[in-house]
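**Q** Sending over a structure as structure tokens; questions will come in a sec.
The values are calculated or read from the model by the stated rules, or taken from the named source; none is laboratory data. Predicted, not measured: the structure shown is a model, and the values here were computed from it. Cβ coordinates were reconstructed from backbone atoms using ideal geometry, including for glycine residues, and neighbour counts include every protein chain displayed.
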Amino acid sequence: MIKIFKNMEKKDLLIVLLVAALVVFSVFLDLRMPEYMSEITKLVQTEGSKMNDILIAGVYMIICALGSLVCSIVVGYFTSLLSARFSKIIRKKVFEKVESFGIAEIKKFSTSSLITRTTNDVSQIEMLLAMGLQLLIKAPVMAVWALLKILGKSGELSLITAIGVIIVVTVNLIIISIVSPRFQRIQKLTDKLNGVTRENLTGIRVIHAFNAEKFSENRFNSVNEDLTKIHLTVTKTFAWMDPVMNFVMHFQALGIYVVGAYLIMNSTLIDKINIFSNVVVFSSYGMQVIISFLMLTMIFMVLPRALVSIKRINEVLDSDISIISGNFKGSTKEKGTVEFKNVSFKYPDADEYLLKNISFKANTGETVAFIGSTGSGKSTLINLVPRMYDATDGEIFVDGVNVKEYDTHELNNRIGYISQKAVMFTGTVKDNVAYGDNGKAKPSIDKVKKAIKIAQGTDFVEKMDKKYSSHIARGGTNISGGQKQRLSIARAIARDPEIYIFDDSFSALDYQTDLKLRQELKKSMKDATNLIVAQRIGTIMNADKIIVLDKGECVGQGTHQELLKSCKVYKEIALSQLSEEELENA
């Protein structure tokens, strides 16, 4: 719990100290009022008392009440300000931490869980701070201070107060022991509910197409009912607190008056005034003690869930980062080269290697293609270049420098990456193509248009309502798969990088568009190095070098014609797509 509050700034800690001081002063003022009440009681019952003395004591009571009110208002303002600022800092820290994650770290947390941790869990901590800074300080201080003030004044009345406190503490402990384990499940089910909802919304077309609405509703209802049941259990358990507190409060006051009346009846005239004064003081302070525990009850309703949220957020913040940025930012002797030296790779949680002893070099301006059956490791291999993962064994060099030595931003600035799944962000066509920072000036509209033209996207963009300012929905749901791929390729072109990585980025294009795009790429980016993963022979047959992968091993390197003669795996792939006559004439 302490870890997360280390994120507070110094000025926030000063505010906490100010709030604590104001709360203690407010408690002091609240506990002074029963003393003035006791004094007024004695003055009223004592012969010869002056009205002026009674009025002065009453004025002091009013001053204490107003002072306590002002302190409460100031404390409320500062706690709201502090909790809102703190939650802003934590949300930022969590978001930045998640952005620094590699693929390995992302897989430890589901998307829905990270969303819940960034929103719901942070809100729980904000609520705890808003209430806790006031009540967690005020309640124990008031309870202890009130008990000290009445301690030793009357054994019988002290015993009644002690019994009330014991009952309240016991009930609170029982209730907390019941609800605390359930809050962990509530947060996990919230993650699950978020995940099911996201899946239903993302896959709405498939759901409609397969008439799976009822199935989706049942999945959602199942999680929703589980979450509702736990919430009801927690709420019903907490519902016992208020009536128990009120019962104890009123019966404690009744007990004090009954015992006080008995003591007054059996005392001398002089002692009656003191006993009556003690009864007034005990009833007031006894009420303050129970109110203190009522305040703690409110905290107990928030604290267990907030503690779970703190633990979940710390899990994200304390996650170790596998991809550590280097420091290299300088110029290099080589430009646009990629070299693998005896590279092997296995996933962190796997026993077997996915890639084994891969070696090749892509020189400046060359096109190097990768082909192989599904699961042969093609995408994994090229994802090692931008350090989505780090190689388990061997070394990878970009422009003659080991990728692990590069500053992460410097390495990414040299690469134009087109992912296997085209990703579009909410915004305009221009926003999506000019996306990100590559260490240079933001691409101008002319550069965006040129990139889209090279990517064979001008035709469909020009037909959109606002052309380059047309809206793109989140995930690109308002455009086709082929259009998304072309805009994704245009995004990489607009960066004007040294190295292009195409991770099966032509799969959604028809053959004619694929051919035109590759011809335009070759003409416009003749000095850039291209690494292409593809399933189609037609896409890669003109590459300078083709690397054939089979079960993670390199089983062939060479040109299209060389591999047809020397590599059995490549020939089988080629014949599965094209006839022998087409291959001979290629």
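**Q** Just to check your reading of the model, which residue among ASN342, ASN383, ASN314 is modelled with pLDDT of 85 or more and either in contact with a Leu (Cβ under 8 Å, 6 or more places away or on another chain) or under 30 Å from SER123 (Cβ atoms) (or both)?
**A** The unique qualifying residue is ASN314.
**Q** Sort through LYS149, LYS88, LYS92, LYS138 and tell me the only one that's part of a helix (DSSP H, G or I), in contact with a helix residue (DSSP H, G or I) (Cβ under 7 Å, 6 or more places away or on another chain) and either farther than 28 Å from MET301 by Cβ or modelled with pLDDT of 85 or more (or both).
**A** The unique qualifying residue is LYS149.
**Q** Among ILE207, ILE230, which is in the same structural domain as VAL165 (by TED's automatic domain parsing), touching a residue at least 12 places away in the same chain (Cβ under 8 Å) and in a helix (DSSP H, G or I)?
**A** ILE230
**Q** Please find, among SER331, SER319, the residue that is modelled with pLDDT of 80 or more, within 28 Å of ASP527 (Cβ to Cβ) and among the hydroxyl-bearing types (Ser, Thr, Tyr).
**A** Answer to the check: SER331.
**Q** Can you name every one of the helices (runs of 4 or more DSSP H) wholly within the range 460-552 that holds 3 or more residues which are under 20 Å from ALA362 (Cβ atoms) and aliphatic (A, V, I, L, M)? Outline the logic, then answer.
**A** Working: elements: 481-495, 511-524, 537-540.
Those helices (runs of 4 or more DSSP H) span 481-495.
**Q** For residues that are among the charged types (D, E, K, R) and under 18 Å from GLN288 (Cα atoms), tally how many sit in the range 216-263.
**A** Count: 1.
**Q** Can you tell me how many residues within the range 391-407 are surrounded by 16 or more Cβ atoms within 10 Å (Cβ to Cβ) and either of a type outside the set (Gly, Ala, Ser) or in a loop (DSSP other than H, G, I, E, B) (or both)?
**A** Matching residues across the range 391-407 total 10.
**Q** Could you check LYS329 against (1) surrounded by 21 or more Cβ atoms within 10 Å (Cβ to Cβ); (2) under 36 Å from the mean Cα position of the chain (by Cα) and say which number it fails?
**A** For LYS329, the exception is condition (1).
**Q** Answer yes or no: is there a residue in the range 108-126 that is surrounded by fewer than 16 Cβ atoms within 10 Å (Cβ to Cβ), charged (D, E, K, R) and modelled with pLDDT under 85.
**A** yes
**Q** I'd like to check something: does the range 286-293 contain any residue that is part of a helix (DSSP H, G or I) and either modelled with pLDDT of 80 or more or among the aromatic types (Phe, Trp, Tyr) (or both)?
**A** yes
**Q** Conditions first: (1) in contact with a strand residue (DSSP E or B) (Cβ under 7 Å, 6 or more places away or on another chain); (2) buried (at least 22 other Cβ atoms within 10 Å of the Cβ). ALA422 passes all but one, so which condition is the exception?
**A** In the conditions (1) in contact with a strand residue (DSSP E or B) (Cβ under 7 Å, 6 or more places away or on another chain); (2) buried (at least 22 other Cβ atoms within 10 Å of the Cβ), ALA422 misses (1) alone.
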